[in-house]
Amino acid sequence: MRITLASMPWQALESPSLPIALLRSACRREGLEVPSGYHGGIHWCEYLMERTDGELGVPQYTDIAENGLFDEIGDWIFAGNLYGADFGVEAFREYARGRTIDLELAFEMRELTAGYLEEAYSAVMNTAPDIVGFTTTFMQNVPSLALARMIKERHPDVTIVFGGGNCDGAMGPALHRNFEFIDLVVSGEAEIAFPELIRRLHAGSDLTPVAGLSWRDGAELRANPPARGPVQPDQLVVPDYDDWFELLETSPVAEHIEPQLIIETSRGCWWGEKHQCTFCGLNGSLMKFRAKTPEQAIDEISTLVEKHQVLDVITVDNIIDNGYFSTVLPEIEKLGWDVRIHYETKSNLTREHIARFKGAGVAHVQPGIESLVSPVLKLMDKGVAGIRNVRTLRDCESASLTVSWNWLYGFPGERLSDYLPVLEQLDRLHHLQPPANAARILIERFSPYFNDSALGFNELRPAQQYKYVYNLPEKSLEDMVYLFDAEQRGLSEQEISGLKEAIERWIEHYQDSSLEVSGDDELLWISDRRVGREPADHEIRGRELVALYGELEHGRTTGGLRKIRDREGFGITDGELDAWLSELDARGLVFVEHGHYLALATHSVPVKLETRRA
Ligand code: SF4
């Protein structure tokens, strides 16, 4: 059986589709024909470049792919092909009013989709497939549906299969129910289920045993139960990206991108297994954490880097396995390669963790900081205090480790009074990496806020964006979509405006700000060049104060410092200690939270990229 797997726009241009690559390998392992890949993101971008003489291309594609997600712009751009040219136009205009949406770009692209889909149709059908599988995540749904319908209408004999993140849990059967031209939907992990499905289709045998499969038994809709357990690490395959790299060799898109390898070293989240963050729906129906063995992970990274000669490695794990700090990362360091790895991690990083990251070539981390306000972090069940997050920001800055984070608000129970002490100190942090923005949380399917109305959100309804994307009644959308609207909770937009303005200033000032400490056991110099403050140089003189300053780098209370003083036999009195801490506070050299003082100066100042500026 000939199979073609399609990953439609808006897959990131720099990186291949992991689901296609995994299923190619999984089919090969099972002795099945290896599916062809149709990489729609690259082809759509090529089409844009060609049809607009380069006026539209990689930057515009990337703008929609990266910034259009929560407004469903990418889906809307293709929606006219499902429902007619006028569908959703007025509703989208209405939605865009007062928002920073580039309407002109969206409309210009929308005009071009019909022609592109014809080309996509020809490219897919040229592979003479018996089965066309669509892997769909986030904004890939409507582009996939549009092409799937064309294929089914013109070739009813071709079997259309959907799978991917947009098919997880109840969403898979709902997609199947709402779109008759989809023959089959695989919900959940597909490495085992997909080859099993292909074997059964080939043999014409019963589909009932295929885990997580939605199918039609005559006129009856059937949805098989999910697999009994998650796919185990030793059942995972090494992704096969060969066809994507071959495509890139002849694509004009290649000139404009730096290819990245996508690597998966674990699935699920070890933190979320016990304390799922209240807003997080990321792991869908499978939170159970499963990491590849260190040998598997190292082998996979080194095999793929060597094979494709690509040094930018993006791990798609939601959270690094803590064991990797002493196993995988040191081994990667030993390879001595000039790799640039991205990892997501828990935010309570130690200096040792950061050193391991740096040694292994991890250049960019996403530590899930989300806020610096401890009571709000508690509402999220993040298991970390605001001051600890500041410490991570400081130590990553010292180590030139790039950090990405967003500030989330809108949590039921949050109070302005919780924010104020932090807000008053934000200008002390201008030398540390700022959040990209402050955003109200969205209600995601699978999150505790979605599952448990007692946490504060009730009367959920499909997010309003879906109205201009799907011509379906709200009831039909309820099981099919990922984002939901609810009554606003927590701070009002007016109350949060102070934070937003402070973050804008932070972003603006970061580039030219520094607060650096240097010196020895007897004398420290702190050079304060944070924008928005008078430049100043401070001294911390004497062995005792230098040692106590070192303690403040861990975050200490006055009581804690006194104990250390007594243990070390330092002569500083209570009054002198209090006065010293007050002075550090007055100079903005510490971050203070609930009686804890954290020294803010970094031990070096990294080269700061211009792009960090707002
Ligand atoms: S937000 Fe991150 S740490 Fe929290 S449950 Fe989700 S994946 Fe895990």
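The values are calculated or read from the model by the stated rules, or taken from the named source; none is laboratory data. Nothing here was measured: the structure is a model prediction, and the numbers come from that model. Here the Cβ is made from the backbone with ideal geometry for all residues, glycine too, and neighbour counts use every protein chain on show.
When Gly519, Gly532 are screened for being under 33 Å from the mean Cα position of the chain (by Cα), under 30 Å from Ala363 (Cβ atoms) and touching a residue at least 12 places away in the same chain (Cβ under 8 Å), only Gly532 passes.
Please enumerate the residues belonging to segment 205-236 that are surrounded by 15 or more Cβ atoms within 10 Å (Cβ to Cβ) and part of a loop (DSSP other than H, G, I, E, B).
Leu207, Val210, Ala211, Gly212, Asn224, Pro226, Ala227, Pro230, Val231, Leu236 - these are the residues of segment 205-236 that are surrounded by 15 or more Cβ atoms within 10 Å (Cβ to Cβ) and part of a loop (DSSP other than H, G, I, E, B).
Each row is one residue, and each column tells you yes or no for (1) at pLDDT 95 or above; (2) charged (D, E, K, R); (3) in a loop (DSSP other than H, G, I, E, B); (4) farther than 17 Å from Val390 by Cα.
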position	(1), (2), (3), (4)
Lys500	yes, yes, no, yes
Ile503	yes, no, no, no
Glu508	yes, yes, no, yes
Asp512	yes, yes, yes, yes
Ser518	yes, no, no, yes
Asp521	yes, yes, yes, yes
Trp525	yes, no, no, yes
Val531	yes, no, yes, yes
His538	yes, no, no, yes
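One residue alone among Pro209, Pro225, Pro239 is in contact (Cβ under 8 Å) with a residue 60 or more places away in the chain and not assigned by TED's automatic domain parsing to the domain that holds Lys346, and that residue is Pro239.
Of all residues in segment 113-130, which are of a type in the set (A, V, I, L, M, F, W, C) and in a helix (DSSP H, G or I)?
From segment 113-130, those of a type in the set (A, V, I, L, M, F, W, C) are 114, 117, 120, 123-125, 128; that's our starting set.
Once the filter is applied, which keeps residues that are of a type in the set (A, V, I, L, M, F, W, C) and in a helix (DSSP H, G or I), segment 113-130 yields Ala114, Leu117, Ala120, Ala123, Val124, Met125.
Restricting attention to segment 59-88, the residues that are without any contact (Cβ under 8 Å) to a residue 40 or more places away in the chain, more than 28 Å from the chain's Cα centre (by Cα) and assigned to a helix (DSSP H, G or I) add up to 1. Can you find, within segment 260-271, the residue that is nearest to the ligand (Cβ to nearest atom) among those that are touching a strand residue (DSSP E or B) at 6+ places or on another chain (Cβ under 8 Å) and assigned to a loop (DSSP other than H, G, I, E, B)? Here the answer is Gly268.
Only a single item in (1) in contact (Cβ under 8 Å) with a residue 40 or more places away in the chain; (2) within 16 Å of the ligand (Cβ to nearest atom); (3) of a type outside the set (Lys, Arg) is not met by Val384, and it is number (1).
Taking segment 272-300 as the range and being more than 8 Å from the ligand (Cβ to nearest atom), in a loop (DSSP other than H, G, I, E, B) and free of Cβ contacts under 8 Å to residues at least 60 places away in the same chain as the test, the residues that pass are Lys288, Phe289, Lys292. Sub-8 Å Cβ pairs linking a first residue in segment 544-562 that is crowded, with 17+ Cβ neighbours inside 10 Å to a second residue that is among the hydroxyl-bearing types (Ser, Thr, Tyr) and modelled with pLDDT under 95, at least 6 apart or interchain, number zero. Please tell me if Asp299 is at negative phi, surrounded by fewer than 20 Cβ atoms within 10 Å (Cβ to Cβ), out of contact with any Cys (no Cβ under 8 Å at 6 or more places or on another chain) and among the acidic types (Asp, Glu). The answer is yes for Asp299. Any residue at all in segment 93-100 that is outside the structural domain of Leu472 (by TED's automatic domain parsing), touching a residue at least 12 places away in the same chain (Cβ under 8 Å), buried (at least 16 other Cβ atoms within 10 Å of the Cβ) and under 20 Å from Ala114 (Cα atoms)? Checking segment 93-100: not a single residue is outside the structural domain of Leu472 (by TED's automatic domain parsing), touching a residue at least 12 places away in the same chain (Cβ under 8 Å), buried (at least 16 other Cβ atoms within 10 Å of the Cβ) and under 20 Å from Ala114 (Cα atoms). Count of segment 212-237 residues, restricted to those that are at pLDDT below 95 and within 28 Å of the chain's Cα centre (by Cα), is 12. Taking the criterion of being buried (at least 17 other Cβ atoms within 10 Å of the Cβ) and assigned to a loop (DSSP other than H, G, I, E, B), the residues of segment 573-604 that qualify are Gly588, Leu589, Leu600, Ala601.
Yes/no matrix, rows are residues, columns are (1) in contact with a Ser or Thr (Cβ under 9 Å, 6 or more places away or on another chain); (2) within 13 Å of the ligand (Cβ to nearest atom); (3) acidic (Asp, Glu):
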position: Ile319; (1), (2), (3): yes, yes, no
position: Tyr324; (1), (2), (3): yes, no, no
position: Pro330; (1), (2), (3): no, no, no
position: Arg340; (1), (2), (3): no, no, no
position: His353; (1), (2), (3): yes, no, no
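Being in the same structural domain as Glu104 (by TED's automatic domain parsing), acidic (Asp, Glu) and in a helix (DSSP H, G or I) holds for only one residue in Glu33, Glu46, and it is Glu46. The residue that is nearest to Trp10 (Cα to Cα), among those in segment 125-139 that are buried (at least 20 other Cβ atoms within 10 Å of the Cβ) and in contact with a strand residue (DSSP E or B) (Cβ under 7 Å, 6 or more places away or on another chain), is Thr136. For segment 387-421, a tally of residues being away from the ligand (no atom under 16 Å from the Cβ), in contact (Cβ under 8 Å) with a residue 12 or more places away in the chain and not aliphatic (A, V, I, L, M) returns 15. Of all residues in segment 422-443, those that are under 16 Å from Asp71 (Cα atoms) and outside the structural domain of Thr602 (by TED's automatic domain parsing) have Cβ atoms under 9 Å from Cβ atoms of residues that are among the aliphatic types (A, V, I, L, M) and assigned to a loop (DSSP other than H, G, I, E, B), 6 or more apart or on another chain, in Arg440/Leu491; Leu442/Ala463; Ile443/Leu460; Ile443/Ala463; Ile443/Ala486.
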